[in-house]
Amino acid sequence: MTDAIDYQEIFREIVSGFTDADDRGDVAAYIPELGKIDPRKLGIHLTTVEQIHYSFGDSDEKFSIQSIAKVLSLTLALKILGKDIWTRVGVEPSGSAFNSLVQLEYEKGIPRNPFINAGAIVVCDILVSCLTDPKVELLEFIRETSGIPTIDYCSTVAESEKRMGFRNIALVNFMKDFGNIHNDADLVLDLYFHLCSIEMSCKEIVQAFLFLAADGINPVTKTTVINSQRSKRINSLMQMCGFYDEAGEFAFRVGLPGKSGVGGGIVAVHPGKFCIAVWSPKLNENGNSHKGMKVLEEVTTKTKFSIF
Ligand code: GLU
């Protein structure tokens, strides 16, 4: 049972304590469609494993979850392929940018982990190999996992990303040359861009990720999303690799497994206690939400609920 804590009051305190210095960073304009978002948006939602909800600000507004979705595609690929997935993608922090090509050259086309772009593209390649209609089946899985049938791709964002996706195009071709992409590169990228374009609110993200706080079972839908060992492993990967080359800083400041996206969202999990999502579109130089990190740092400091 989660100790009775008034998270609502904590959110209010944190936000009212923000100063001009906290209002730093830039919206991710390298995907033109993301550059149109109002940078002042701020949403927070926390749900405990007992399903008590706490929310703040724009927590019901949908936004582009971007790389946060990579946790869900990994979950599906793990369900389908099991441990064989680890012959195609590693489980080590990258310590380099989310879209970096450098390590791939040294490591012969095997991405460091499933959350950098290269790794998520390999996971998409696995899904293209294993599913008949990957875009449809991936979406169905996310809808079922979360119990939210309205979750959808945003074709405008997917198109916007495709038009400017030169780095991701380079990554998929580079890995294909090493033999680690088995399908047509365009087909794999189409799934990848759609995955990143998924739109959800903070509240919906929390509902979709709550299984990671409850040993693989979604307490809302009561369905087993994945077994507890794999749930543990996904949390471990988020802890080590969920924040590009800032995973150490996130662990240091927040102390929870989590995953960020360049849409300004961050989801974090306290196994056995709660799941929380924060959305604030201005990103720091590593591509993580500046205020999002600050909110989560203060939540774990004020409640003393980190995993450490
Ligand atoms: N769709 C983004 C890209 O491939 C994902 C980046 C992110 O959220 O980390 O550049």
What helices (runs of 4 or more DSSP H) lie completely within the range 57-138 and have 2 or more residues being touching a Lys or Arg at 6+ places or on another chain (Cβ under 8 Å)? 70-81, 117-130
I'm checking my understanding of the structure. Among residues of the range 116-145 that are of a type outside the set (A, V, I, L, M) and within 16 Å of the ligand (Cβ to nearest atom), which one is surrounded by the fewest Cβ atoms within 10 Å (Cβ to Cβ)? 135
Subset of the range 72-112, residues over 19 Å from residue 173 (Cα atoms), under 20 Å from the mean Cα position of the chain (by Cα) and either among the charged types (D, E, K, R) or at pLDDT below 95 (or both), comes to 79, 92, 93, 94, 95, 96
Show the residue pairs that are 6+ apart or on different chains and have beta-carbon atoms under 7 Å apart, the first residue being within the range 183-212 and free of Cβ contacts under 8 Å to residues at least 60 places away in the same chain, the second being outside any helix (DSSP H, G or I). 193/165; 194/153
How many of the residues making up the range 1-11 are in a loop (DSSP other than H, G, I, E, B) and either within 16 Å of the ligand (Cβ to nearest atom) or under 21 Å from residue 200 (Cβ atoms) (or both)? 0
Is it the case that some residue within the range 105-115 is touching a residue at least 60 places away in the same chain (Cβ under 8 Å), within 16 Å of the ligand (Cβ to nearest atom), under 25 Å from residue 145 (Cα atoms) and surrounded by fewer than 24 Cβ atoms within 10 Å (Cβ to Cβ)? yes
As an exercise: evaluate residue 280 against (1) closer than 24 Å to residue 49 by Cβ; (2) touching a Leu at 6+ places or on another chain (Cβ under 6 Å) and give the number of the one condition it does not meet. (1)
Tally, over the range 181-223, of residues that are closer than 13 Å to residue 121 by Cα, touching a Lys or Arg at 6+ places or on another chain (Cβ under 6 Å) and outside any helix (DSSP H, G or I): 0
All but one of (1) within 16 Å of the ligand (Cβ to nearest atom); (2) surrounded by 18 or more Cβ atoms within 10 Å (Cβ to Cβ); (3) part of a helix (DSSP H, G or I); (4) of a type in the set (S, T, N, Q) hold for residue 156, so report the exception by its number. (2)
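A quick yes/no check of all residues on (1) away from the ligand (no atom under 16 Å from the Cβ); (2) within 19 Å of residue 123 (Cα to Cα); (3) assigned to a helix (DSSP H, G or I):
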position	(1), (2), (3)
229	yes, no, yes
233	yes, yes, yes
238	no, yes, yes
245	no, no, yes
250	no, no, yes
256	yes, no, no
263	no, no, no
266	no, no, no
I'm checking my understanding of the structure. Among residues of the range 86-104 that are of a type in the set (A, V, I, L, M, F, W, C) and more than 17 Å from residue 236 (Cβ to Cβ), which one is surrounded by the most Cβ atoms within 10 Å (Cβ to Cβ)? 98
Every residue from the range 12-53 that is more than 16 Å from the ligand (Cβ to nearest atom), surrounded by fewer than 20 Cβ atoms within 10 Å (Cβ to Cβ) and assigned to a strand (DSSP E or B): 53
Return yes when residue 278 is assigned to a strand (DSSP E or B) and at pLDDT 95 or above and no when it is not. yes
Evaluate the range 170-179: report whether one residue or more is among the aliphatic types (A, V, I, L, M), in a loop (DSSP other than H, G, I, E, B), within 16 Å of the ligand (Cβ to nearest atom) and surrounded by fewer than 18 Cβ atoms within 10 Å (Cβ to Cβ). no
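The values are calculated or read from the model by the stated rules, or taken from the named source; none is laboratory data. This one's a predicted model, so the numbers in the text were calculated from it and none came from an experiment. No Cβ is skipped: glycine too gets one built from the backbone with ideal geometry, and neighbour counts run over all protein chains shown.
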